[in-house]
Amino acid sequence: MSEFSAAFSAAGLPQIDAHGQGRGCVITRRACFCSSHRYWLPELTADENDSRFGLCSKAPGHGHNYELIVSMAGILDSDGMVLNLSDVKHAIKSEVTSKLDFHFLNEVWPEFDLNQDSGCLPTTEALVRVIWHRLSSHLPIVALRLHESSGLWADYLGHGMDAYLTIRTHFAAAHRLARPELSQEENEAIYGKCARPHGHGHNYLLDVTVRGSIDARTGMVCDLAALQMLVENLIVEPFDHTFLNKDISHFVACVPTAENIALHISDCLSLPIQQIGAQLHKIRLQESPNNAAEVYAEVPQLAMQPAALEAVMSS
Ligand SMILES: [Zn+2]
Ligand SMILES: [Zn+2]
């Protein structure tokens, strides 16, 4: 023990070994693969597959550039690492990317063999769950995120069939931050330039995260097309190209800060999302590259379920 660490212990502070050994940390690793898939259930007719899965049912399938983010937790070793990254890279490659890259997902793993009763469609949420089970005996995973595109990704935290699905969309709107009961001077003192009388605009980026149980056959936590339609019809269409303070009745009396817009979106979507079989988990509204508001619809406190992934999420 060095004099320095001996002094630390004597002072009653946690003793830190050389290179941080013994301390805890979460690390993330990103990996990409290109795969194709097709949503087609053999027990349905061609018309039923088409009406249920739309373009995703078309033969012979279509492809995505998938991006996988693996979060792992552990204790630092004597080299100052949770895990040696070359071991992490090797495990992800041998168990996941070498199996999936440039492959047809429906045929690659028995979990997606639809001729078996136990098979399910290779949706993003079903795929991230299967990846968890393939990787978890090799790596101390705490969270997985799988992006199918920049507008769709799934999170899995190892809890049975429970998964999170996020869709990203955007709208442009103007607003003015001012409380009608206050004078212009008082509003400018609070909101600064945002209180100027004729307003200003933003290109809002909206992430809607739902939580649900992955269906054993369709591989879906809810009907994706129905979710996209709800967000489009209830939020994007009415909000896009409006002056929020005047055009959206809720904001006539309620100041449309990013926080209040996120809360209102959450209130508008909670029940309709329940009606399509999922729970609204989170709304994230990004107003500019520098500020965003997040609302957790399921819990009153600010509990971030997929917390380990948020650092990479907004990149
Ligand atoms: Zn697809
Ligand atoms: Zn603004």
Query raised in the report: Taking segment 63-83 as the region of interest, how many residues are open to solvent by 70 Å² or more (accessible area, probe 1.4 Å) and more than 15 Å from ligand 1 (Cβ to nearest atom)?
Result: 2
Requested in this report: Could you please tell me which pairs satisfy a Cβ distance under 9 Å, a separation of 6+ or placement on different chains, a first residue in segment 195-208 that is closer than 30 Å to residue 280 by Cα and within 14 Å of ligand 2 (Cβ to nearest atom), and a second residue that is of a type in the set (Lys, Arg) and in a loop (DSSP other than H, G, I, E, B)?
Outcome: 200/176
Requested in this report: Could you pull out the residue among 202, 241, 250, 281 that is in contact with an Asp or Glu (Cβ under 8 Å, 6 or more places away or on another chain) and over 24 Å from residue 164 (Cβ atoms)?
Outcome: 202
Query raised in the report: Going through segment 39-62 one residue at a time, which ones are open to solvent by less than 50 Å² (accessible area, probe 1.4 Å) and at negative phi?
Result: 39, 41, 44, 49, 53, 56, 57
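Which ranges mark the strands (runs of 3 or more DSSP E) fully within segment 146-259 that have 2 or more residues being of a type outside the set (Lys, Arg) and open to solvent by 70 Å² or more (accessible area, probe 1.4 Å)? Give the steps one after another, and end with the answer.
Details: elements: 152-156, 162-175, 200-213.
Correct list: 200-213.
Taking only segment 123-145 into account, find how many residues are open to solvent by less than 40 Å² (accessible area, probe 1.4 Å) and either outside any strand (DSSP E or B) or within 16 Å of ligand 1 (Cβ to nearest atom) (or both).
Final tally of qualifying residues: 11.
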Query raised in the report: How do the pairs read when you match residues in segment 274-290 that are outside any strand (DSSP E or B) with residues anywhere that are surrounded by 19 or more Cβ atoms within 10 Å (Cβ to Cβ) and among the β-branched types (Val, Ile, Thr), using Cβ under 9 Å and keeping only pairs 6 or more apart or on different chains?
Result: 276/210; 277/221; 278/210; 278/221
Query raised in the report: Quick one: is residue 88 over 18 Å from residue 123 (Cβ atoms), assigned to a loop (DSSP other than H, G, I, E, B) and open to solvent by less than 60 Å² (accessible area, probe 1.4 Å)?
Result: no
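The values are calculated or read from the model by the stated rules, or taken from the named source; none is laboratory data. A quick note: this is a predicted structure, and the numbers were derived from the prediction, not measured. Quick reminder, even Gly has a Cβ in these numbers, built from the backbone with ideal geometry, and neighbours come from all protein chains shown. Note: accessible area is taken over every heavy atom of the protein model, side chains too, but ligands, DNA and RNA are not part of it. Shrake-Rupley method; radii C 1.70, N 1.55, O 1.52, S 1.80 Å.
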